[in-house]
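Following: one structure in structure tokens, then a few remarks.
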Amino acid sequence: MNQITPASIGLSREDLPNSYIGRSVPRPNAPKLVQGRATYTDDVVLPRMLHTAFLRSPCAHARIGAIETAAAMAVPGVVRVFTGADIAKVCDPWVATLDHLKGMKSAPQYPLPLHRATWQGEPIVAVLAETRAAAEDGVAALAVTFEPLPAQTDMESALAPGAVVIHPELGDNLVFTRTAETGDVAAAFAAAHKVVEARFVTGRHTGVTLEPRSIIADYNRADGTLTVHHSTQAPHMMQGVFAKQLRMAEGDVRVICKDVGGSFGIKVHVYPDEVAVAAMARIMGRPVKFIADRFEAFASDIHARDHRIHGRLAVDAEGRVLAFDVDDLTGIGPYSVYPRTSAIEGNQVVNLCGGPYDFRNYRCTTTVVLQNKAPTCQYRAVGHPIATAVTEGLMDLAAEALGMDPIEIRRRNLIRDDAYPYTSPAGMRFEGLSHHASLDKLLQMVPVARIRADQAEARSRGVYRGLGIAAFIELTNPSPFMYGIGGARISAQDGCTVRMDPDGSIVASSGVTEQGQGTEAILAQIVAHGVGVAVERVKIITGDTQTTPYGGGTWACRGAGIGGEAALQSAIALKQQLLDVAGAMLQAAPDSLDIVLGRIVDKAGGAERMTLHELGRIVYFRGDTLPRELQRELVQTRHFITKEYPFAFTNGIQASWVEVDPATGMVKLLEHWCVEDCGRIVNPMLVDEQVRGGIVQGIGGALYEHCIYDAQGNLLTTTLADYLVPMSAEMPEMHVGHVETPTRESLLGAKGAGEAGTAGAPGAIMNAINDALRPLGARVHEQPFTPERILRALGTIA
Amino acid sequence: MKWPAMTYHRATSLADVWAAFAAHGPSVTILAGGQTLLATLAFRLSEPGMLLDITRIPELRGITLQGQVLRIGALTRHVELGRDLLVRQHAPLLAQAVPHIAHPAIRNRGTIGGSLAYADPAAELPACAVALDAVVVAASTAGERRIPASAFFTDLLQNALAPGEIIVAVEIPIQPSLAAIDEVARRSGDYAMAGLAAAMRVHDGRVVAPRLVYFGVGRGPVLAGAACRALEGRPLTAESIAAAQAALTTDLDPPQDLHGPSEMKRHLARVLTARVLNAWLRPTEMAA
Ligand SMILES: Cc1cc2nc3c(=O)[nH]c(=O)nc-3n(C[C@H](O)[C@H](O)[C@H](O)COP(=O)(O)OP(=O)(O)OC[C@H]3O[C@@H](n4cnc5c(N)ncnc54)[C@H](O)[C@@H]3O)c2cc1C
């Protein structure tokens, strides 16, 4: 019958009518977003709804003393004040550990703490009122005594004698440590021709979603159900969390996310203030809304990437990598974040260092410690930009030590394109990567000779420019090996239900979600392609636990690879069903027919036989005219989960061309290139924009974004005037190229594309800055690369 | 955060303003472009009883040449300053400053009166006002009072206005032959890490009345007396510029901030000194 095969998917419109996969179809939901007609959680207004505001801890670490609420209760509009003890009556604490992360420990976390505040910005007391303004007035009228305790802020001293043990019941501040070791690292270093080393720092930063965290919880006493409107990436996961913490049946909880304004991993975690909102709704029997403001976002959204890494690399005289030896330390705040845990980022560093290269001897340790700062957890490209900066920073140091071209040393060490399947020294299994094809493609795009000539000429005028390269791998399409095996109720499987309505229009509901990146657009393309209809006829439903198949949501770049394959399979199943029905109506063999742009046609010759509209009319309204035994459900569901490989790895390589002003320490980004291989590209425009947006976020971490704390644990960057996000004026021209190595695990062949830009950009920029500074004898390895740090490296300031 | 509860009143004449002051006293806060004030309200940094919107008062608008003085109404928006022909002709430093101030949306609303009144030490216009030896025209029921810009910025976010006074205009003596502004900011539109607004004349090959005013490096715009003395009466040369740079050790004691330590800011001030003054080396030589 009508086979959709890996080979046919890639065909162009000319060769394959009704082809949408691989085409830059405009996003159906984009006009809604840009015309202000989207429905974000804050746009949802429910009858009898209350608003909440939180008193947040002013101290990094303090004992919570008396809580005086009388004055707050007297504020007009204030309805009720909730303390930690009030919430704990209906809501259980959680402990964020995963069983497969051996030895991991963390303390129980309550929505509002009972006795101690452990980071500045932690929600302590909630005020419910008729409006948010009244709730804030109520918060201002609260009198809470905080008895300050010494704060443990420096991760380097977290395990030292004399450290403040943040949770005494844990014994110490160690959350998790893991060492991966293969080969004989000591011998490799002893035998090395050159050994290079450096200390790298990646700055603590955060996701800054355009729409802040938002939630409305509505407990209906009449039927005992909790409906939660939530700005989240993982509605089914949150359904389970709310049910478990509030001691309800999962089926009595419904999570709805309409439009979500950006996530970047920020909205895939359990936040204590959001769970408190659900608990308050449960107690009050009324809807309760909480919309974080920007101030709260900086203090209470998860942070990420607070790492210090010592790295060493041994190479032989030909520039071949002999061994990597990496020691990573990360501070994650006072609690591991539920349910994904805050040990994953460090664990990823262990999994990913040296990732693009073919070598034998590897040692990497991560040490994950507690500190009195905002909790950290998974944020776009979890661990990748750290591992890439360390790996690629060391590769450049080795090239310099050898007097070798940075491109040449990479060419000599990148895993060969015919070496797959391949298992890395860290134990990662790669199905198929394209490092050398990607490097070749990059070199077609980057005018290296012209750049080097320009660089030499500019230097003669005292202008310092540099070119930096960074190869990377990216982990996408995770299987249960990421969270499920650790005991977390986070689905690695996803499903899609596709149906045809009487007028021939198609509705598909999917367990993956949309946060602005275009998930719904690619699902529509895939379903249109699979069924054989015009993409305009396809409507997509996501983000509702009651109406979509159970699934994991969108994170770790799984939307296209997992959700897309489920959509394709269910669309193909529906097409088969339609052809069976059409065959009965037309008295033709189903496999002699095809569906093209909403019409049943003869496969041979293409003559139109009937429209889907007509087929729908007969099935739904004149079913009496069809054979009795004919199966006529015009609805199909399929699920997909990866089985062969724990993760679908992708790869790519980036280049950055910068100018550094040695007088001011300012870095100007001149041009940026990225070649990536995400397997099958469903929508080239969306993939390119994902790569560009990802690069911009990587630039943020490299040059601007930094959650700065003072030694006492006070957060100093609490507004967008102090926390610098990358802005359009400073962004370079970006060029994106592709190599396509589809995964054979699915028919669609798509891997993830959302994190590649972020994974590689900081390393490329670091190498470019250091290339520019090389004649001046300066080097920087501490992100963000601020004017201050560059001037220090130059010795201009002490 | 939501704004605190307050009342709003729109004045359409100065008389309205005086009446509001008389009726409500210190609880009145003047609202001009709102680009600073409204943001601070959203942080609940201040809780005014009444916002008095002055943007519909015609007397506070307009740019006119009055003899040797350019009078710029307090409500002149940054965007207007940037494109006004009289400003370009007689006080081009102000026009040159505009692209450094924030972003277009903010420049469309922010006013020169608001910028001067707010007295942000990193703001461009206060520094330009001092560099150009401008005079701030304040008014109250008692009439107008002229305050030299160099005496107007009294401390961090503090000005010399008395209670019951507002800024109605700023008067700029027609600009000396040389004036320029430069700054180092992390991103375009950010407040400067360090900036310099400089003005001077060159007479018979010698520097006359130099005014080097640094911003982002102190508790207000800093007129660098020692650096100016290092230039005054001397030809503008690599040596005199180096002397002015060296003198900044005396003139500047920048507070450290999130961008870096005091030493870095002083270094950036020296870099800007060279960048601004070096650009004038040729005209000086030509004049000599
Ligand atoms: C994101 C952002 C970036 C910015 N970047 C810069 C920058 O780089 N450089 C820069 O210089 N500025 C910057 N600004 C500030 C901007 O220039 C403001 O417009 C200006 O500082 C205040 O002018 P305003 O008319 O908006 O005053 P308002 O915000 O209305 O008022 C500011 C203060 O001045 C008082 N006031 C206003 N007018 C008068 C008057 N006539 N008499 C007495 N008191 C008065 C008010 O009571 C208030 O206290 C930025 C602002 C934002 C939001």
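The values are calculated or read from the model by the stated rules, or taken from the named source; none is laboratory data. Because the structure is predicted, anything quoted here is derived from the model rather than measured. FYI the Cβ positions are ideal-geometry reconstructions off the backbone, even for glycines, and counts take in every protein chain you see. When the accessible area is computed, the model is the full protein with side chains, heavy atoms only, and any ligands, DNA or RNA have been set aside. Shrake-Rupley method; radii C 1.70, N 1.55, O 1.52, S 1.80 Å.
The contact between chain B and chain A removes approximately 2200 Å² from the accessible area (both sides summed; 1.4 Å probe; ligands, DNA and RNA excluded). Ligands, DNA and RNA aside, residue B:77 has an accessible area near 50 Å² when probed at 1.4 Å. Heavy-atom accessible surface of chain A, averaged per residue, reaches 33 Å², computed with a 1.4 Å probe.
If you take all other residues with their beta carbon under 10 Å from the beta carbon of residue A:763, and give Lys and Arg +1 and Asp and Glu -1, the sum is -2. Would you work out what percent of the accessible area of the range A:499-551, with all protein chains in place, is carbon or sulfur (probe 1.4 Å)? C and S atoms contribute 52 percent here. For the range A:48-164, the calculated P(r) over all alpha carbon pairs, in 5 Å bins from 0 to the bin holding the longest distance, is 2, 11, 17, 18, 18, 13, 8, 6, 4, 2, 0 percent.
With 0.36 nm allotted per residue and the present C-alpha distance subtracted, the residue A:459-residue A:721 stretch has 90.9 nm of extension available. Taking all protein chains together and a 1.4 Å probe, the residues A:782, A:745 rank A:782, A:745 from largest to smallest accessible area. Summarising the amide proton neighbourhood of residue A:603: residues at separation of 5 or more, or on other chains, whose placed amide H is nearer than 5 Å comprise A:593, A:594.
Span-like helix criteria (full DSSP H runs; alpha carbon extent of at least 20 Å along the helix axis; mean Kyte-Doolittle hydropathy of at least 1.0) are satisfied in chain B by no helix.
The heavy atoms of residue B:16 present about 50 square angstrom of accessible area, all protein chains included, probe 1.4 Å. In the protein assembly as shown, the C-alpha radius of gyration followed by the widest Cα-Cα span (Dmax) gives 32.2, 109 angstrom. Looking at chain A, the DSSP beta bridges with both ends there are about 80 percent antiparallel. Excluding residue B:136 itself, calculate the net charge of residues whose Cβ lies under 14 Å from the Cβ of residue B:136, where each Lys or Arg counts +1 and each Asp or Glu counts -1. Its environment carries a net charge of -1. At a cut-off of 20 Å², which residues of the range B:250-266 become less accessible once all protein chains are present than in their chain alone, using a 1.4 Å probe? Residues of the range B:250-266 that lose at least 20 Å² of accessible area once the other chains are added: B:258, B:259, B:261, B:263, B:264.
Computed with a 1.4 Å probe on the full set of protein chains, the accessible area for residue A:734 sits at about 20 Å².
Where only DSSP H runs of four or more residues are counted, chain A gives -8000 deg cm²/dmol as its mean residue ellipticity at 222 nm, each run worth -39500 (n - 2.57).
A simple spin-label model places the labels of residue B:204 and residue B:27 6.4 nm from each other, with each point 7 Å out along Cα-to-Cβ. In angstrom, the C-alpha Rg and Dmax of the range B:66-172 are 12.9, 37. In the context of the full set of protein chains, the range B:7-53 has a per residue accessible area of 47 Å² (1.4 Å probe). Taking amide H positions as modeled 1.01 Å from N, with prolines and chain starts lacking one, the residues under 5 Å from residue A:125 and 5 or more places away or on another chain are A:55. Were the residues from residue A:589 through residue A:621 laid out at 0.36 nm apart, the gain over their Cα-Cα distance would be 9.2 nm. Across the range B:89-101, coupling constants 3J(HN,Hα) worked out from phi with the 6.51/-1.76/1.60 Karplus curve, θ = phi - 60°, read 7, 10, 9, x, 4, 5, 5, 5, 6, 4, x, 7, 8 Hz, and Gly and Pro carry x. Given a Förster distance of 60 Å, report the FRET efficiency between residue B:40 and residue A:602 from their Cβ-Cβ distance, rounded to the nearest 0.05. Using R0 = 60 Å, I get an efficiency of 0.25. The loop-placed trypsin sites (Lys or Arg not before Pro) in the range B:235-284, going by DSSP, include none that has at most 16 neighbouring Cβ atoms within 10 Å of its Cβ.
Backbone phi angles across the range A:463-476, fed through the Karplus curve with coefficients 6.51, -1.76 and 1.60 (θ = phi - 60°), yield HN-Hα couplings of 10, 10, 10, x, 10, x, 10, 8, 8, 8, 10, 9, 8, 9 Hz in residue order; Gly and Pro are listed as x. Evaluating 6.51 cos²θ - 1.76 cosθ + 1.60 at θ = phi - 60° for every residue in the range A:249-255, the Karplus couplings come out as 6, 4, x, 8, 10, 10, 10 Hz, glycine and proline recorded as x. Collect residues whose amide H, placed 1.01 Å from N in the peptide plane, falls under 5 Å from the amide H of residue A:175; neighbours closer than 5 in sequence don't count. It is A:368, A:369, A:370, by chain and number. With every protein chain in place and a 1.4 angstrom probe, the accessible-area ranking of A:177, B:141, A:83, A:330, largest first, reads B:141, A:177, A:83, A:330.
Note: relative contact order over the range B:158-256, using C-alpha pairs below 8 Å and six or more positions apart, is 18 percent. Spacing of the modelled spin labels on residue A:668 and residue B:108, each 7 Å from Cα toward Cβ, amounts to 2.9 nm. Length gained on full extension, residue A:429 to residue A:63: 127.0 nm, using 0.36 nm per residue less the C-alpha separation. Summing Lys and Arg as +1 and Asp and Glu as -1 over all other residues whose Cβ lies under 11 Å from the Cβ of residue A:160 gives a net charge of -3. For B:90, A:384, A:115, the ranking by accessible surface with the largest value first comes to A:115, B:90, A:384, using a 1.4 Å probe.
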